[in-house]
Amino acid sequence: MYSDIFKLISEFDKIVLARHVGVDPDAMASTMALKDSILLTFPEKKVYSVGSGSNRFNYFGKLDKVDDMMGALLIVLDTPDIRRIDGVTLGDFSKVVKIDHHPFVEKFGDVEHIDDTASSASELVLELINETDLLMDKNIASKLYLGIVSDTNRFMFNNSTGNTFRKVARMIDEYHLEIDKLYEPLYLRPMSEVRLEGYIGLHLSLTENGVGYIKLTKEILDEFGVDSAAPGNMINNFNYINEAIVWIFFTEDVKNNNIRVSARSRGPIINTTLANFNGGGHKYASGARIAKMENSEEVIKALDSLCFEYKKNNESGDMIDKD
């Protein structure tokens, strides 16, 4: 499959890279690293990475504005379905490639490589480079490392396999990555976000069956001086609340006129439930978009029912095996 993707990259002079709405570090890292790798290998090509950005992720590189995409090759990363692709229309392109590590939702690419056992889209881009004649340097390796680190929560999730560690170790050795310096832009935060995290901890509500949730309005975000992307970047920090087996943030996004939903789980499979609310993702890490904050009650109720069933079937309270 990687040879088929490389063949298409070789054939097209114009290539556009896209990923999902609500950009996160893995989506940014995988697209920007692949862009850099293609340009390093084929300097004469025109390669663009598109979509709405976030100031928080500027260290990955500058996103592109493209007026004419007609006839180009589109590579979509880290996105399982058409409606979540950011910044492009599929009909503008001659060929479409999908590279993704989410569970399969729908086919939209001429060539698709889907591996939901991979830790991240960044790990799949690393494989693509390792298995083809695409080139890599320290800058590209650094971006891929940060993408993998982010989506595995510093290798604490069960999506970190032996293969993940072996590939990352090889990359660290070969490109002499300075891990402590790489972590700084990913984990350094302004005091405004630290204070917001404290606010979330103080105001997180809990349902009877173990759903922790908070509703963050524009007024709350403005009070702390943060944007709507900030809460989603800190949701993994609430992984070890004993009473919560699912936790969910509802964040008002004025720019896109909707409510961002970020959810995590320590047991119940949540992506199928969130698929009913214009969302989806991984079994234990998912997101969604809802029209109004009032709709959050429906999401909470659905997840609370899910937690009730989960607790009934796992009376010992032990987490399920997520392998």
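Structural remarks
- Positions within the range 9-39 being in a helix (DSSP H, G or I) and under 30 Å from D253 (Cα atoms), in sequence order: P25, D26, A27, M28, A29, S30, T31, M32, A33, L34, K35
- Failed condition for Y183, given (1) surrounded by 15 or more Cβ atoms within 10 Å (Cβ to Cβ); (2) at pLDDT below 95; (3) of a type in the set (F, W, Y): (1)
Okay, residues lined up against (1) in contact with a Lys or Arg (Cβ under 6 Å, 6 or more places away or on another chain); (2) among the acidic types (D, E):
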| residue | (1), (2) |
| --- | --- |
| D180 | no, yes |
| L186 | no, no |
| S205 | no, no |
| I214 | no, no |
| V226 | no, no |
| I245 | yes, no |
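- Single residue of the range 29-64 satisfying the filter (touching a residue at least 12 places away in the same chain (Cβ under 8 Å) and more than 24 Å from the chain's Cα centre (by Cα)) that is surrounded by the fewest Cβ atoms within 10 Å (Cβ to Cβ): E44
- Any hit, the range 226-236, residues being part of a helix (DSSP H, G or I) and either of a type in the set (G, A, S) or assigned by TED's automatic domain parsing to the domain that holds N55 (or both): yes
- All of S150, S228 fail the test of being free of Cβ contacts under 8 Å to residues at least 40 places away in the same chain, closer than 30 Å to V96 by Cβ and either of a type in the set (D, E, K, R) or in contact with a Leu (Cβ under 8 Å, 6 or more places away or on another chain) (or both), apart from S228.
- Of the residues examined, S160 is not one that is surrounded by 20 or more Cβ atoms within 10 Å (Cβ to Cβ), under 18 Å from L34 (Cα atoms) and of a type outside the set (A, V, I, L, M, F, W, C).
- Restricted to the range 222-269, and to residues there that are surrounded by fewer than 16 Cβ atoms within 10 Å (Cβ to Cβ) and either aromatic (F, W, Y) or in contact with a Gly (Cβ under 8 Å, 6 or more places away or on another chain) (or both), the residue that is nearest to E297 (Cα to Cα) is E243.
- With respect to the conditions (1) charged (D, E, K, R); (2) surrounded by 22 or more Cβ atoms within 10 Å (Cβ to Cβ); (3) over 19 Å from the mean Cα position of the chain (by Cα), D151 lacks only one, and its number is (3).
The values are calculated or read from the model by the stated rules, or taken from the named source; none is laboratory data. On a predicted model such as this, the values are computed, not experimentally measured, just so you know. As a convention, Cβ positions derive from the backbone with ideal geometry for all residues, glycine included, and neighbour counts pool all protein chains shown.
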